[in-house]
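A.B. asks: Next up is a structure, given as structure tokens.
The values are calculated or read from the model by the stated rules, or taken from the named source; none is laboratory data. Keep in mind that this is a model prediction, so the values were computed, not measured. The protein model used for the area step is the full one, side chains on, heavy atoms only, and it has no ligands, DNA or RNA in it. Shrake-Rupley method; radii C 1.70, N 1.55, O 1.52, S 1.80 Å.
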Amino acid sequence: MSASDRRAAPRTAVVWDVLDPILGGPVDPADSAGSRAPHEALDVLDIGGGTGGSAVRIAERGHRVSVIDPSPDALASLDRRAREHGVEVSGRQGDLTDLLDLVSPDSVDVVLCHGVLEIVEDPAAAVARIRQVLRPGGHLSLLVAQRHAAVVARAMAGHFAQATALLDDVSSHGRAGRRFTRDEAHTLLVEAGFEVVSTHGIRVFADLVPGSLLDLEPGATGALVDLERAVAERPEYLPLATQVHLLAR
């Protein structure tokens, strides 16, 4: 495992644990009948999917994947990555504000919206647009930065005034954008007509562990992944989570 993989695994394992039952396994190209194991191919939309780290992984399972991203450079990298992995991923330039101009209503089975809601002007309107493009019974994977952890991180860095300002401020802040509490994110989804299926704390300890430890200590990455999985649904640890992941239907 490369150093980048070792550091990424504890940050993403829980999200993929949630998505795996929905996305299932890869399509078997040798099956002339076109059956898929264990699920039919889905139409998946990755909003803000950038260079395709998630999109290509999903496409390798046989799903039809599209990425919407405002950066032409990121979309060019997505195209290269997809070709290198032997899959097709459709890239379209845009963002959540023009989602309905890029995607037809009721045309998507799964939407990934990871690290995007923080920077949109109107999160409630953005979530409502996402619901419009989802088919009945479709799923939204929403990953947002969590405010409590941002307060802790600023305090630990000695930025006490910034930590105080973040306590109850729901407005956006600079390049990183706004942060959400679990309840705020949950309310956004419910008010848009979603049913929240599950909520997990993401990166509870991963951002606190030095990368050098994962590089040098045999078995440390696996043990940290196990720990992240163990605390992801425990509410007492949620305030430490850098991100909150909500799966909604």
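A.B. asks: Pull up the DSSP beta bridges for the chain and report the antiparallel fraction as a percent, rounded to 5.
C.D. replies: Percentage antiparallel, nearest 5: 40.
A.B. asks: Let me ask something else. Output the relative contact order of region 170-243, whole-number percent, from Cα pairs under 8 angstrom with separation of 6+ residues.
C.D. replies: Here the relative contact order equals 34 percent.
A.B. asks: While we're on this one: Give me the accessible area per residue for the chain, probe 1.4 Å, as a whole number in Å².
C.D. replies: 50 Å²
A.B. asks: Hey, what's the per residue convex hull volume over the C-alpha atoms of the chain, in cubic angstrom?
C.D. replies: It is 141 Å³ per residue.
A.B. asks: Taking all protein chains in place and a 1.4 Å probe, what share, in percent, of the accessible surface of the chain do carbon and sulfur account for?
C.D. replies: Result for the chain: 52 percent of the exposed heavy-atom area is carbon or sulfur.
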